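**Student:** Quick one: this structure, given as structure tokens, is what I'll be asking you about.
The values are calculated or read from the model by the stated rules, or taken from the named source; none is laboratory data. Owing to the predicted nature of the structure, the values given are computational and were not obtained by experimental measurement. Backbone-built Cβ (ideal geometry, glycine too); neighbour counts: all protein chains shown. Just so you know, the surface numbers come from the protein's heavy atoms only, side chains and all, with ligands and any DNA or RNA stripped out. Shrake-Rupley method; radii C 1.70, N 1.55, O 1.52, S 1.80 Å.
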Amino acid sequence: MRQRPELPPTMASQRMRISSVSPAGQRRRAQARRRSACCCGCMLLLCLAIVLIAFRGVLGRLLARDSEQEQASAVLSPLAIHTPQDAYWRYDLIPVTVRVVDPQGNPRSDQPPRIIVTHDGKRVTTIGHEGDRVTVRYDGKKQAWVGNWPPGWNPEPGRYQFEARVEIDPTEWPWKVSAGEEDEDEERPEGEAWAVALAPFEIRARERPPMEPGLCVATWEFDFRSRFRGPDDTAGDWTKLFEWVEYIGADTLWFRGAVTQPPDQGLTLEQPFKPLNLEAIPRLGREAHRRGLKFGTWAVAYATYPRTDESKNPDYDYSIDISRSTGQTTETDYISLYDDRRGQHLADFFRVMQASEHVDMVGLDYMRTDPGSGGYELVDRFAAEMPVELPEGWESWGERRRQKYVAVKVEKEYQSDRDFYDCWNWWRAHLGADIIRRIIQKSGVQKPTWVFMLSWWHGMQHGQDPPMFTDAGITMLAPMLYEVDDRPQFDAMVEGWSEYLRPGQVNLVVGDQVDFLRHQRMKYGPTPAELYDRMVTAHRKYLEGGFTQGAFWHDINRAVNPNSVGPFDGREWALAGAAAFSTVRDTWKVYPLHAELSAPDSAPIANAFGVEVTVENLTKQPVEGVRISLCDTPHMVGVGLQEAPEAQLWGEPYTDVGTIPAGQAVEVPIRVRITTADAQRRNQTMLALRITWDEGDFQPPVRNELPRTIVLMKYIRGI
């Protein structure tokens, strides 16, 4: 007896049905019910035959032989569908296998099944050139049709199902209606008929990890050094770094700890990260904790810094770029996402940070391919797995030709073939999320984690995705707000995030960079004020109907670099960040006080003028020791304020407010003066006021462990 190919195991909930669009559909369903009854009768006869085998000797054997022959010639299902798991995450590329056979059980490779996905009874449209179809190809080894379904960007969690159908002739199958069953005058149904098989599955979304709102972070991206200058411009040892953290009211410092940038002695696969920064991590963490701050450190995941000497870099597999004109390939400074050794090194770093008592959280930057070029070593797997339309003869092309084709598609034809571009970006995000999952699983990290993200198109353009990264195990995402060319582009970017994400999906900590050029010099006014506005706008508008969980200010190194600050002082950039932090915390009501500043847009130079600060106690108990001080900024001085000791509040002159009763508000007048004109700044002078108060035991939502400082800021034009 000829052996039929084994069908793959299918899910217990898989169903098969016959569907038709002919006018005789009702009649066909009635006939199917009769066929079902006929099949039940056959099963009963088979059971009786088995009994006769035991008790009827030769007769039983004859009946058994007849039964085997009948089963060999009868296949009850024209197709079967299978997906390996019951549930998937939003970053998963979901595989599907469909076996199509003829009535004799022979695999059919001539007729691909039509496969769609439904959710809540509706057909699902996803990315790819077919959109609402699942693309499959015939696998000769499996003797089945195989394919993958990308759920697309931010799919709705819930129950889904694959639906495969293949056209059949019902009269060829063993459950066809016999002539004796039909009425003599009954007409056979006409029209097309299909066998339909279903395979349900679930798309899951990881619940947003718990996180207290109001996290405000100062970052240090450059290498550790032993000497530094504080916000008061005095030089000192490396602990001066923490004066900046406290000056802006941050509760956390993030430090770039693991970076592949070769020192003089070079780096190897056994030592892939610069020792200088790794050795500084426990020192910085210990000092942060001594000051009541939290400390986090991150790894530069897949970028290395310029490789001027090949012999001094670890022997990774590096990402490939290709010339669009000549087809010549070159290695980039990015490590290939295919290199599992890098993923293991990142997991090792996470594991050590998990074990360190000095580290509170750990993160990743450059969790992507090169955004400008490169990553084309990924082309063949991408083309094999994703539903993209490929040119005829693709498999016979040489590797470089295939790489060049994809490079042209994603870099030059991205607007004319959005399906292809969408698939490339989604597939890279899926690959990156799976790498993150493995890093977290291998390291066993339990501490909060974060990933820096590029923010244009909510990271999609660079192979990053907030829901995917969250499903992979990341606690919070840190979108960088400074990769934009102008304010209209920034506003469009913010709108893109609000349209894409829903409140409660992910934790976001948004941040902007101290950079005069990246804020278009003074095109939109004083650049520190633009930094403040972008941070606050993103905090309020990235999530429609909600707020981001916190913010970060990037970074301390740039605040002391004259090439970054422009005609403004590093303290102004820091105070702009501090004012943004205060606004973020105010929206979450994690401070006992709410404060507002009323000041004119312009004022005469050298003449004293008044401003007013309103301070409101939001709690049900008094807030004591309230003080308002004037921050030291260029060309702005106080009039009639008390002089503070230099060691206290950075020597800022102040006025005492005292105790504010529960639920009460006070209005505090303050007089100031702009000392001189400054054409380089267009006569724009920063007024920054700091409100502080004594320690207290306030009830939630107030967070008593946060720095007790609120900064209010406004630029006033001297006239």
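**Student:** Hey, if we sort Tyr88, Tyr500 by accessible area with the 1.4 Å probe, largest down, what's the order? Write out the running numbers ahead of the final one.
**Tutor:** Working: Tyr88 10, Tyr500 30 Å².
Largest accessible area first, the residues go Tyr500, Tyr88.
**Student:** Just to verify a number: FRET efficiency for Glu395 and Asp485, C-beta to C-beta distance, R0 = 51 Å, to 0.05? Mind showing how you got there, number by number?
**Tutor:** Values: r = 41 Å, r/R0 = 0.79.
With a Förster radius of 51 Å, E is 0.80.
**Student:** Order the peptides 477-485, 377-385 from the highest to the lowest mean number of other Cβ atoms within 10 Å of their residues.
**Tutor:** Working: 477-485: 20.7, 377-385: 17.6.
Highest mean packing first, the order is 477-485, 377-385.
**Student:** How large is ³J(HN,Hα), in whole Hz, for each residue of the stretch 523-540 in order, when computed from phi with the Karplus curve 6.51 cos²θ - 1.76 cosθ + 1.60 and θ = phi - 60°, using x for Gly and Pro?
**Tutor:** 4, 10, x, x, 5, x, 5, 5, 4, 4, 5, 5, 5, 6, 4, 5, 4, 7
**Student:** Anything over 32 Å Cα to Cα? Flag those among Lys589/Lys714; Lys412/Lys714; Lys141/Lys404; Lys274/Lys294; Lys274/Lys412; Lys412/Lys523, in the order listed. Kindly include the intermediate steps, with their values, before the conclusion.
**Tutor:** Details: Lys589/Lys714 22 Å; Lys412/Lys714 44 Å; Lys141/Lys404 30 Å; Lys274/Lys294 23 Å; Lys274/Lys412 37 Å; Lys412/Lys523 30 Å.
Distance filter (> 32 Å) returns Lys412/Lys714; Lys274/Lys412.
**Student:** Follow-up question, since we're still on this one. Take every DSSP beta bridge with both residues inside the stretch 192-333 and express the antiparallel ones as a percent of the total, to the nearest 5. Working shown, then result.
**Tutor:** Values: 6 of 16 bridges.
For the stretch 192-333, the DSSP antiparallel bridge percentage is about 40.
**Student:** Also: Each residue of the stretch 212-217 in order: what ³J(HN,Hα) in whole Hz does its phi give by Karplus 6.51 cos²θ - 1.76 cosθ + 1.60, θ = phi - 60°, with x for Gly and Pro?
**Tutor:** Those phi angles translate into 6, x, x, 5, 10, 10 Hz.
**Student:** Another question about this same structure. Tell me which residues come under 5 Å, amide H to amide H, from Asp317 once H is placed; ignore anything under 5 positions away on its chain.
**Tutor:** Under 5 Å from the amide H of Asp317 lie the amide H atoms of Ser336, each far enough along the sequence or on another chain.
**Student:** For the chain, what is the calculated [θ] at 222 nm in deg cm²/dmol (nearest 500), taking -39500 (n - 2.57) for each run of four or more DSSP H residues and dividing by its residue count?
**Tutor:** Helices in the chain give a 222 nm mean residue ellipticity of -8500 deg cm²/dmol.
**Student:** Next question. Ignoring ligands, DNA and RNA, what percent of the accessible area of the chain is carbon or sulfur (1.4 Å)?
**Tutor:** Numbers: 15150 of 31810 Å².
Summing carbon and sulfur atoms, their accessible area is 48 percent of the total for the chain.
**Student:** Once the other residues with Cβ under 13 Å from the Cβ of Asp586 are scored (Lys, Arg +1; Asp, Glu -1), what is the net sum?
**Tutor:** Numbers: positive: Arg540, Arg585, Lys589, Arg703; negative: Glu596, Glu616.
It works out to a net charge of +2.
**Student:** Also, I was wondering about something else. Assuming R0 = 41 Å, can you tell me the calculated FRET efficiency for the pair Arg671 and Glu695, based on Cβ-Cβ distance, to the nearest 0.05? Write down the numbers at each step before the final one.
**Tutor:** Working: r = 30 Å, r/R0 = 0.72.
The value I calculate is 0.90.
**Student:** Please give the direction-averaged projected area of the C-alpha convex hull for the stretch 465-599, in square nanometres with one decimal.
**Tutor:** Details: hull surface 36.3 nm².
Computing the convex hull of the Cα atoms and averaging its projections yields 9.1 nm².
**Student:** Quick one: pull the percentage of alpha-carbon pairs in the stretch 95-136 with a separation above 15 Å.
**Tutor:** On the way: 458 of 861 pairs.
In whole percent, the long-distance tail amounts to 53.
**Student:** Using only the Cα atoms of the stretch 91-171, what semi-axes does the equivalent ellipsoid have when each is the square root of 5 times a gyration tensor eigenvalue? Give whole Å, largest first.
**Tutor:** Values: eigenvalues 132, 41, 20 Å².
Listed largest to smallest, the semi-axes of the stretch 91-171 are 26, 14, 10 Å.
**Student:** Using the beta-carbon distance between Arg291 and Arg225 and R0 = 25 Å, what value does 1/(1 + (r/R0)^6) give for FRET efficiency, to the nearest 0.05? List each step's numbers first, then the result.
**Tutor:** Details: r = 19 Å, r/R0 = 0.77.
Here the calculated transfer efficiency is 0.85.
**Student:** Using the alpha-carbon atoms, what tilt in degrees (0 to 90, nearest 10) does helix 58-72 show relative to the longest principal axis of the chain?
**Tutor:** 50 degrees
**Student:** Okay, next question. Want the number for His594 to Glu643: 0.36 nm per residue separation, take away the alpha-carbon distance, what's left?
**Tutor:** On the way: separation 49, 0.36 × 49 = 17.64 nm, distance 2.49 nm.
Once the chain is fully extended between His594 and Glu643, it gains 15.1 nm.
**Student:** Relative to the compact-globule scaling 2.2 N^0.38 Å, provide the ratio for the alpha-carbon radius of gyration of the chain. Spell out each step's value before the answer.
**Tutor:** Numbers: Rg = 33.6 Å, N = 719, 2.2 N^0.38 = 26.8 Å.
Computed over Cα atoms of the chain, the ratio equals 1.25.
**Student:** Still on this model: May I ask you to give the solvent-accessible area per residue for the chain, in square angstrom, as obtained with a 1.4 angstrom probe?
**Tutor:** Working: 31810 Å² over 719 residues.
Counting only protein heavy atoms, the per-residue value for the chain is 44 Å².
**Student:** How far apart, in nanometres, would the label points at Ala606 and Glu624 be if each is projected 7 angstrom from Cα along the Cα-to-Cβ direction?
**Tutor:** 4.7 nm
**Student:** Could you state the angle between the C-alpha long axis of helix 340-355 and the longest principal axis of the C-alpha atoms of the chain, as a value from 0 to 90 degrees rounded to the nearest 10?
**Tutor:** Value to nearest ten degrees: 50.
**Student:** Turning to a different aspect of this structure: Can you tell which of Phe469, Phe698, Ala578 lies farthest toward the positive end of the dipole of the chain, using +1 and -1 charges on the Cβ of basic and acidic side chains (Lys, Arg; Asp, Glu)?
**Tutor:** Ranked along the dipole, the leading option is Phe469.
**Student:** To check my understanding: the extent here is largest minus smallest coordinate of the Cα atoms along each principal axis. What are those three numbers for the stretch 562-719, in Å, largest first?
**Tutor:** 48, 33, 30
**Student:** Shifting gears a bit: What is the Cα coordinate range of the stretch 242-333 on the first, second and third principal axes, sorted by size from largest, in whole angstrom?
**Tutor:** Answer, in whole Å and largest first: 56, 29, 17 Å.
**Student:** Order of 127-134, 654-661 by packing, highest average Cβ count within 10 Å first?
**Tutor:** Going from most to least packed, we get 127-134, 654-661.
**Student:** Separation of the stretch 392-418 and the stretch 347-364 by C-alpha centroid, Å?
**Tutor:** Centre-to-centre distance over Cα atoms comes out at 40 Å.
**Student:** Still on this model: Return the distance in nm (one decimal) between the two label points of a simple spin-label model at Arg137 and Arg351, each offset 7 Å from Cα along Cα→Cβ.
**Tutor:** Spacing of the two 7 Å Cα→Cβ label points: 3.7 nm.
**Student:** Hey, could you get me the Stokes-Einstein D for the stretch 411-485, Kirkwood radius over alpha-carbon pairs, 4 °C and 1.567 mPa s, rounded to whole µm² s⁻¹?
**Tutor:** Numbers: Rh = 13.2 Å.
Here the translational diffusion coefficient equals 98 µm²/s.
**Student:** So how far, in whole Å, is the C-alpha centre of the stretch 290-346 from the one of the stretch 579-653?
**Tutor:** Comparing the Cα centres of the stretch 290-346 and the stretch 579-653, I get a distance of 45 Å.
**Student:** Then there's this: Based on alpha-carbon atoms only, what is the radius of gyration of the stretch 471-549 relative to the globular estimate 2.2 N^0.38 Å? Numbers along the way, then the final one.
**Tutor:** On the way: Rg = 12.9 Å, N = 79, 2.2 N^0.38 = 11.6 Å.
In units of the 2.2 N^0.38 Å rule of thumb, it is 1.12.
**Student:** Can you tell me which of 519-531, 267-279 comes out highest on packing, and rank the rest after it, using the mean Cβ neighbours within 10 Å?
**Tutor:** Working: 519-531: 20.2, 267-279: 15.7.
Listed from highest to lowest mean packing, they are 519-531, 267-279.
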